[in-house]
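Written out below as structure tokens is the structure these notes cover.
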């Protein structure tokens, strides 16, 4: 039994070293290595700058509500973080965010310090000069705050 286990482990090791993982089957006490190779999955590793942009994006979202467009602008602006546009887009696309909830947070923050009509707040949230939320996200945020 020990020799079979040792042979099985050797066959698996040879298959892995030969360039991929192989399926191993045991039949009637003898082991054989199937010839079907499984190709390793290639993952793109993020750069240090992309990792920093991801961390910065998460920090901003802990502080206040941002739209996707607004967060990319904040990360890439020379008045914000100064990341490259590509790194900012990468960061925003590689974090999990509920943008509707972010619109609600932003709407709630506006109403703490200013007075808005329903239409005015929707416009502020979706405006390119405001927050940059989509219309549906802005409407959700305004509905959730009760306007």
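Worth a mention:
- Qualifying residues in the stretch 129-147 (those that are at pLDDT below 95 and in contact with a helix residue (DSSP H, G or I) (Cβ under 8 Å, 6 or more places away or on another chain)) - the one nearest to residue 62 (Cα to Cα): 130
- Counting only helices (runs of 4 or more DSSP H) wholly contained in the stretch 1-120, the ones carrying 3 or more residues that are out of contact with any strand residue (DSSP E or B) (no Cβ under 6 Å at 6 or more places or on another chain) and modelled with pLDDT of 95 or more occupy 48-63, 68-76, 85-93, 99-113.
The values are calculated or read from the model by the stated rules, or taken from the named source; none is laboratory data. Every value quoted in this text rests on a predicted model; they were computed, and no experiment measured them. Quick reminder, even Gly has a Cβ in these numbers, built from the backbone with ideal geometry, and neighbours come from all protein chains shown.
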